[in-house]
Amino acid sequence: ERYLRMMEQVVKEWEIPPAGDYLRTGLAGVDFYRTPKPRWESLHDLQGLTELFQIHAEAGDMTAAEPYRTAFKQHWTSIRNYDIHPSGGFTTGEQAVGDPYAEGAIETCCTTAWMALTVDMLRLTGDPSAADELELATWNCMHGSQHPSGRWWTYNTPMDGVREASAHTIVFQARFGTPELNCCSVNAPRGLGMLSEWAVMLTDDGAAVNYYGPGEIRFALREGTKVALRQETTYPVGGDVRLHIEPEQDVQTTLRFRVPAWSRQTTATVNGEPVQRIQPGEYLDITREWSRGDVVELSFDMSLRTWTGELTRSGAACIYRGPLLLAFDQKFNTIDVPQMPTLDLSSLDAMPTECDCRFPPLVLLKLKAADGREVALCDFATAGAHGTDYRAWLPAVNGAPARFFLLSPKDGERIGPGRVLFSWSGYRNSRALGRAFTVQLSNDAEFGQIIAERSGIESMSAIVEIPDELGVGQICYWRVIATNAHGSTKNALGLRALIFDPNVVNPEAREPEAFVFGENGLIVASPLDGTAEPSFGELLVATDVAPAADRFGNEGGALAFNGRTSKVKYAIPYFPEDDYTACAWVCPEGLPTDRLQQVFSAWARGVDDGLRIVLDGESVFARIEAGSRGAGTEGVTLANGRWVHLAAVKQGGTLTLYVNGEAAHSARAPARLFSSARDIAIGTNPNYSGNECLIGKLDDFAFYAEALSAEQIDTIYRTGKLQ
């Protein structure tokens, strides 16, 4: 009881900033990457939620228990949907960022923590998709983080790049006598050792087999019978698995065999007799009296499949064979990574090949590129083992839409007739032209009869009208299909079931309103004539600002910021992924600065600031924080009390700082980025608790979702009119 009170006190203190608030954010449906503390260490706090659920559930108090399970499942699902890289690795730069396409370190400790969290998810829910995630991480990122020699582990196991020993990357952790010991090298073996926790798990009526691979597993059923499970297979290279079931005595029980969601066509037999109704992404339940000598044979679909890239990975794709991610490695090709030809995803064909090398890959395939040249792809875990450069995001064309997940309504939710809002995960991608979604409902899992449908959807949500002629308690199923010119992609993890109840009143559903941009992609604009009220857009906060004389001497024509508590924030529908512009007149009054003073900032959290115009020392700079791909121009010296027009323009891969209508400096920038920002600020940082407030005045501010031309910037400067 004493320790339980301590745990509950910890949960209360989560609510005190800057703690993570893991329970309330989970119950509110907040995505993990938007929580106050989305770093990887927070996953251990999330594991505490499952323990609290277990404690209250075993005490019979489900009212107290259920919130912990609900919050945990929300956070786990959010991480799976938005922060797991195609290798199964978790985090970008040691935290969740809401973008599996982001470049940045995929730390081994982070993936190990994700796997531990996922073991809890599997134990808590019995959801086979959690076992799929464990398999993905184990065979790819976790195996890839250990060198085949066994001598060292990585700190970072990137999707593209080189493998480097953690003793080199985080050498600052080295100690005398143990130079190769660090957080990753001692934490990583858990990733493999956890196999004993999830390979086979007990159920109320038997056991679930989650792991496939050569070897023998021994366990005891809940009623005490000991069972040996011996696997004969080359899995994950081959898709055929032969499982010998050897109980110490005949036993009537249910054995569940995981059918991976990626295996589109799976066959199974028990002692040579075919088993029917096998569904991808579910368990194959076999209930019988098991005897020594019984054999279950499974054959999984090992055909190639793809994950088309979005955002910064547009024009690239990942290719899988079974559970194995494939990669291009210089070691097995006659060309270097930068010269790798483009693959045509509409006509992939692979042939196995071999190599004579020190560290032979699990699998090595030859494929023909779009231009007819041959390329060799190996399994991701082996890529880079010889010290060579590799790439898992492969240049590709003609790809179907990227993967996505269903969000709401939840599986098993009760709905009534009328308007229901359906939503799914995804990214607003301004260059993904031609992608459209279709929502379908059917009264059978094979979708032989469509009872409701809506197509041509461009956003990630839509209202569908549910007919009222469905029977009470009737189960119907829903799915979403994304389509473009090159094919279609169904939502990951299969269908969701809904239960029709004519007495249920559906929550009020309004069609999501598409944001209407102003001229030249205008998102926010304000003349700042004594107030922060916008001429276009939505004001969120305006505190401790005062009317001031503008650059023409007109009293009340500008806005003064006190350098301590002044704050002006505006809402944005999303942060532009490609091109954008911010501009304003500024009159600094606190130079040189001993801290950053923001003229404009879109800072959402650490290493997530799509754009800032900042005073630092005696100069002004334009900067971007985007994981490991930041950018920054050189500075321009300013003077106190002198009005100057500033503009920052990102166009493609270039960030340019304009001063008084002329381009002053340019820098290379990410061509495309994802930011979780939903607000911007002038005269301060919108979300950082430290003091980055401007001492000075601002006038005529605007933010655009387009890159204004040099001529347009000059026109704004000369005429004083916002575009």
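Checked against the criterion of being on the phi > 0 side of the Ramachandran plot and of a type in the set (Asp, Glu), the candidates Asp579, Asp544 yield just one match: Asp544.
Looking across the stretch 70-100, the residues that are closer than 20 Å to Leu134 by Cα and part of a helix (DSSP H, G or I) come down to Phe72, Lys73, Gln74, His75, Trp76, Thr77, Ser78, Ile79, Arg80, Asn81, Tyr82. Within the option set Arg623, Arg595, being open to solvent by 10 Å² or more (accessible area, probe 1.4 Å), in contact with a strand residue (DSSP E or B) (Cβ under 8 Å, 6 or more places away or on another chain), within 20 Å of Asn687 (Cβ to Cβ) and of a type in the set (D, E, K, R) holds for one residue only, Arg623. Looking at the stretch 511-519, can you tell me whether even one residue there is aromatic (Phe, Trp, Tyr) and either modelled with pLDDT of 95 or more or out of contact with any Pro (no Cβ under 6 Å at 6 or more places or on another chain) (or both)? Within the stretch 511-519 (the criterion being aromatic (Phe, Trp, Tyr) and either modelled with pLDDT of 95 or more or out of contact with any Pro (no Cβ under 6 Å at 6 or more places or on another chain) (or both)), the answer is yes, since at least one residue qualifies. Number of residues in the stretch 43-80 that are buried (at least 22 other Cβ atoms within 10 Å of the Cβ), farther than 15 Å from Val119 by Cα and of a type outside the set (Phe, Trp, Tyr) equals 3. Working only within the stretch 8-28, note down all residues that are touching a helix residue (DSSP H, G or I) at 6+ places or on another chain (Cβ under 6 Å) and touching a residue at least 40 places away in the same chain (Cβ under 8 Å). Within the stretch 8-28, Val11, Tyr22, Leu23, Gly26, Leu27 meet the criteria.
Do we find that Ala220 is within 25 Å of Trp139 (Cβ to Cβ) and not β-branched (Val, Ile, Thr) in this structure? Please lay out each step first, then the result.
Numbers: within 25 Å of Trp139 (Cβ to Cβ): no; not β-branched (Val, Ile, Thr): yes.
No.
Answer yes or no: is there a residue in the stretch 371-382 that is open to solvent by 10 Å² or more (accessible area, probe 1.4 Å) and closer than 24 Å to Thr489 by Cα. The answer is no, given that none of the residues of the stretch 371-382 is open to solvent by 10 Å² or more (accessible area, probe 1.4 Å) and closer than 24 Å to Thr489 by Cα.
The strands (runs of 3 or more DSSP E) falling completely within the stretch 370-427 that include 1 or more residues that are charged (D, E, K, R) and more than 30 Å from Thr334 (Cα to Cα) map to 413-415, 418-424. Arg288 fulfils the conditions (1) within 20 Å of Leu134 (Cα to Cα); (2) open to solvent by 20 Å² or more (accessible area, probe 1.4 Å); (3) assigned to a strand (DSSP E or B); (4) not polar (S, T, N, Q) except for a single criterion, (1). Spot the failing condition for Asn520; the list is (1) outside any strand (DSSP E or B); (2) under 28 Å from the mean Cα position of the chain (by Cα), and only one is missed. Looking at each condition in turn, Asn520 falls short on (2). Taking the stretch 256-282 as the range and being over 26 Å from the mean Cα position of the chain (by Cα), on the phi < 0 side of the Ramachandran plot and of a type outside the set (S, T, N, Q) as the test, the residues that pass are Arg256, Phe257, Ala268, Val270, Glu273, Pro274, Val275, Ile278.
Ala681 passes every criterion in (1) at pLDDT below 95; (2) within 26 Å of Ala102 (Cα to Cα); (3) not acidic (Asp, Glu) apart from (1). If you go through the stretch 9-37 and keep only what is at pLDDT 95 or above, in a helix (DSSP H, G or I) and either among the hydrophobic types (A, V, I, L, M, F, W, C) or open to solvent by 30 Å² or more (accessible area, probe 1.4 Å) (or both), you end up with Gln9, Val10, Val11, Lys12, Glu13, Leu23, Arg24, Leu27, Phe32.
The values are calculated or read from the model by the stated rules, or taken from the named source; none is laboratory data. Quantities reported herein were computed from a predicted structural model and do not represent experimental measurements. In this analysis, Cβ positions are derived from the backbone assuming ideal geometry, glycine residues included, and neighbour counts consider all displayed protein chains. SASA here: full protein model, heavy atoms, side chains in, ligands and nucleic acids out. Shrake-Rupley method; radii C 1.70, N 1.55, O 1.52, S 1.80 Å.
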